Structures are given as structure tokens and as C-alpha cells.
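Here's the structure, in C-alpha cells; my notes come after.
Bear in mind these aren't lab numbers, they're just calculated from the coordinates by the rules spelled out. Quick caveat: nothing in here was measured; it's all calculated off a predicted structure. Backbone-built Cβ (ideal geometry, glycine too); neighbour counts: all protein chains shown.
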């Protein structure tokens, strides 16, 4: 069982000056130190047998929350209560020494996690079995692949029959089959009566494991409730980066401006959320400040992990020329062929000159789009798999 | 830890609670200490033999240098006297230098998981006991080799080691906590220990220091331990009760300060790592 009541954590930001001199200066001048609330006013209860997700942008206080629950640091205000044995999957493989064998490291890591030698001996076979490294258990860990190290670390952490599980991005490492195995194990531990707290950027994992999710933003709780609503809240908080430089393409300022950019659904209504497979339209209105011979637009879509997953422009079939002062609307129709997640839609207007030389005239303020996919779908692209049998 | 409740708020840990946590982690201390000691020799062909080999070489050199070059009269054989002092000094200096930076040096552990931070300096206190044990065996062998007769005084080694362990615990716990806040501690310790060797009765018996300097040597917390070790091996040591009393006073003060700092700071050290 996990309970946070009015929890706040304040950090003191020290300056670059070495602290001894800093302390002396402080004594002399009694200057005030800069302070920062990393987390404030957080109330949260995770009952046994429940799994709660925590989402938020980087710097929203997620890590601080895990540190508090792991007992690594104490709150500045409020109380943190954690009942029972904690398995911090935030500390997978902590203390592993590369020169020691897998066997020695299991004992070392297990002891650091608070298991007794007898506990570890009793669980040893199960640990090796779960990690799938029986042949390498007496090999120094430095010869392991990173995937094997994570598997071994994870195996130790989850064998302790914990009452509380703290999970973060650790599952991003390791192969897909092992990830599925870990998720299943986490759910099994939960079903046996453990409280699970899952902190992740991977919304599909949160959706799969957590009925309820908390949204953190700038250290405060913005939402705490049903996961679908939490994801919508998170989505509305997404701080879309204004510009993203597209591989050194030159910019030509002052030739055109974008007066409107929206993403519409099939009926022409603006949307910020869609379902997988929906046909959408990106609409952009451009006003030419000077004559532009061969204007074209480019559509870029960034995935939940921030990488560009799609780009296409019509530079080879540009739009008709624009004369100075002319305003025109272009539309790009496309299909949201993605699984669940937050996507960012970018559109720019550019021109072609001479033999295929292009320069970007203006970049629209990006639009964030949440895509709701089918259950049990993971990955980067939805290939609409269908299953049948004889 | 089953059925245990962790309740955290902005209040210091009580000394009883901290003692209970440290006691519960005793297995962790010995596991980490074993790792610390054995990993050191892991890749060497002769492995742990080096733990005995190096001090032996050191002892031989010291014996040759000090019996032929410098001529100082001691109750028994001089090389044995020097090596006895060196055993204490080696333990004292390696434990303190490694222990005083232990909390900061183990950020990879402290940022990820909680256990009382006091464990980390104490691991050094424990790990270096292996080396001390090897050195003591060599001292005894050396004494017998030089035809020195050993008697019941040898039993003094036990309380002497206990006092050494307590002194070092208080010292490294205090320094390691200070080092989190003032990173200069690492260098201050190195500087102080460079000079401190000559103010510890290792090469020169306490009684041979000039009277004015003898007061300074007596104020050194390591002196009492060195005198106890000399007493155990040689059967006699100059002003040892006085030296031991001063060391004991140091130990009490340092342990008190260490407990105070760790109780109030244990849970928030990680904020500065």
C-alpha cells in the first residue's frame, strides 16, 4: 500500500561556487538560497491489488515522486507511507559489478535490495530461470549483453514477492518478448495483492496496466482519475516545440506568412484527438508577401517518442504561382495509421527555385493530436492486422 | 522487511531507528566489504595472495632501511616495531581516505535505492579488516622470526582492534557526511594524513619524540591504537594508558557527532549527490 498525503519536496539550488566557500559567504552575507519545489501538494493512495500510472513531461516531478516512494529522499512537507516490502524496478541491477559472475551479482544485487542470503538462495533457480541466462550464470557480467544484464536485474527485483512495485522506463530496454514477460509478471504481482506505481512515457503501457492515472505538471497534480481522461489531460499540456529545423534547409524570411493551420476530421471540424484509421485533413492558409513562383507544403508527423515518423512534401508537383498579397488555402489529406499515443503534426510552406533548390518560407505552429488505437496494439505503425483460421 | 512500514516526513530519524536500520543491514555491509576486498585482486594471477605479498615486501624494505640506515633503539627488534606500527597506520589511513568519500563515490547506489547511508563508510571499516588481519599475522610471524618471545600481551590486540574499528567508524561517518556538503574534505584528509604519519609512533617510539612534540603526537587519535599494538607485540609501550585515554575521548566525540549528523541527514544526502 502506498499513501502520499500533502507531499511536497523542495530542493535548494546551489550555485557553481564550491560549497565550502559558499557556506562561508552565506554565513557572512546571510544571502537566501534559490529554492525550487519539485513536487507540491500531492495526495495519492494506491491500494493493494491496484496499479496507478503517473504521467507527465520531463521535469514534471515524476522522478522526485519515485525517489520519495523509494525512500531515497524525504519530503519537505507532508508524509509518505509505504507498507510492506518494496521492489523498486527503478533500481534494476543496482550495484552490479562487471568483474563478478552473474551468480555473485545476484547475491550482491539481492542484498542491496534488502533480501537476506537465505531468501536469495531459495529464489536463485527461479531468478536464473526468469532471466533466461542459465548457461552464463558463472560468466562475469561484463561479458553479458545489455539486454542480459537488464533481464538478470529485473529477475532479481521481481522474485522477492514484493508488496509494492515501483516501475519506471526500465522496460524500454530489453527485447520485446522479455518486455511482454515483464509486464505479465508485474500484473501477476499486482493480482497477488501488491500496489503498483507505473511511471512511464509509454502511454500504451499505462493504458494496458493502469485503470487510473495521475498527471503531474510542474510539480503539481493536474489530474487524478480514469486513464483515458488522464491521457487527454496530458495531451492538452503537451508543450509542442515551435520549430524543428529540418536538416539544414535554408529559410527565406519575409516572403510569406501562415495565417491559419488546423487539423480537421472527415466532416471538416477541427480535432485534437482521433482514432486509428481516421481520415484527417491538415488545412493551411498562406498569404504571399511577395510573388512566389512554385510554392509547396510539407507535412511532418512526430511520434510519441519525439522522432519523425512521417514526412512528405509536394516539391515535385508544386502549387500554382502566388502573386504578392494573394492568400490561398492548401489542404493535405492523410490517414492516422498509428497506434495509441500523442503525435505532433507539423506543416511548413516552402518554395522551389531553379533546379530543385528549396527554401522554407514559414513554419506553422505545430498541432498536437492524440490518437486512440485499438486495444492490444503496440508499436509505431498500425498495419491493421486481421486474424483468421480454417 | 515484510510487514514493515516506511513513514517519511520532514523529521530527523531517531538514533534508535537509525541503529536498527544499520543493524538490519549488517549482511549488506559484509557482502559489500567482501566484494570491495576480493574485486581488488580479481584479475591478478596470484589473486588475494597479493594482500599478504605487498605488506611482506613492505616489511622487508622497512626492516632493511631502518636497521641499517637509521639506528633507533627499541625494546625489541626495530623492524618488528616498525611493521607493527605500519599495520595500524595502513588500516587507519586506507579506511579513512576511502571511507570519507564513500557516500559521494557510491552515487550509483545512493541515487537508486535507500539503505542507511552510514553503511557505505562502514563498508570500508569492515573491508580493510581483511588486510589488517593479514598484516597482524605477518607481524606475529616476523616477531617470532626475529626471536622475540610473545606472551599473553598478544590478547591486547582484540580490544585494540575494537577501539580502532570504533575510532575509524566515528571518523569516517563524520567525514563522509561532511564530504557530501563540502567536497574539499577529500583533499583536506589527504593533506592531513600525509603529515600525520610522522606524528604517529610508527617509525619513532613515542618516548623518543622531543617532549614538546610528544604532546602533539599524544593528541593524535591514532597514537593510542599504535601504542596498544606495540604493547601487544613488544610487551611494553611508552605512556600507553594516557594515549589510549585520549584516543577513547576522540572516539566518543566522533561517534557522537557521527550519530547526530546521520540522524538528521540520512534521508536527504541523496539530494546533493
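Go ahead and estimate [θ] at 222 nm for the protein assembly as shown from helices alone: -39,500 (n - 2.57) per DSSP H run with n ≥ 4, summed, over the residue count, rounded to 500.
Details: 20 runs with 281 residues, N = 663.
After summing the helix terms and dividing by residue count, I get -13500 deg cm²/dmol.
If each residue's Cβ is checked for other Cβ atoms within 10 Å, how do B:253, A:106 rank with the fewest at the top? Before the final figure, lay out the partial values.
Working: B:253 13, A:106 27.
Going from least to most buried by this count: B:253, A:106.
Peptide A:64-75: average number of partner chain Cβ atoms within 10 Å per residue?
Numbers: counts 1, 0, 1, 5, 2, 2, 6, 7, 12, 10, 13, 5.
That average works out to 5.
Give me the orientation-averaged projected area of the Cα convex hull of chain B, in nm², one decimal. Don't skip to the answer; put the middle values down first.
On the way: hull surface 65.4 nm².
Computed as one quarter of the Cα hull surface, the answer is 16.3 nm².
Counting C-alpha atoms alone, how compact is the stretch B:154-273: give Rg to one decimal and Dmax as a whole number, in angstrom.
That works out to 16.1, 51 Å for Rg and Dmax.
How large is the Kirkwood hydrodynamic radius of the stretch B:215-273, counting all unique pairs of alpha carbons, in Å?
On the way: mean 1/r = 0.0756 Å⁻¹.
Evaluated on the stretch B:215-273, it is 13.2 Å.
Taking other Cβ within 10 Å of each residue's Cβ, how do A:178, A:154 sort, fewest first? Walk me through the intermediate numbers first.
Details: A:178 20, A:154 27.
Ranked by crowding around the Cβ, least crowded first: A:178, A:154.
How would you rank A:362, B:87, B:264, going from fewest to most other Cβ atoms within 10 Å of each one's own Cβ?
On the way: A:362 22, B:87 26, B:264 13.
Ranked by crowding around the Cβ, least crowded first: B:264, A:362, B:87.
Calculate I(q)/I(0) for the protein assembly as shown by the Debye formula, one identical point scatterer on each C-alpha and no solvent, and give its log10 at q = 0.11, 0.12 Å⁻¹ to two decimals.
-1.14, -1.25
Express as a percent, rounded to the nearest 5, the fraction of DSSP beta bridges in the stretch A:2-237 (both residues included) that run antiparallel. Each step should come with its number before you reach the end.
Values: 21 of 36 bridges.
Antiparallel: roughly 60 percent of the beta bridges in the stretch A:2-237.
Would you compute, for the Cα atoms of the stretch A:2-237, the largest minus smallest coordinate along each principal axis and list the three values in descending order, in whole Å?
Cα extents, longest axis first: 62, 47, 29 Å.
Looking at the protein assembly as shown only, what percent of DSSP beta bridges run antiparallel? Nearest 5 please.
If we restrict to bridges inside the protein assembly as shown, about 80 percent are antiparallel.
Specify the angular offset, from 0 to 90 degrees and rounded to the nearest 10, of the alpha carbon long axis of helix A:227-237 from the longest principal axis of the alpha carbons in chain A.
50
Checking the a/c ratio against 1.5 first, then a/b against b/c, what shape does the Cα gyration tensor give for the stretch A:305-390? Present the calculation step by step, with values, prior to reporting the outcome.
Values: a/c = 2.85, a/b = 2.31, b/c = 1.23.
Prolate.
In whole Å, what are the Cα extents of the stretch A:256-372 along the three principal axes, biggest one first?
42, 28, 21
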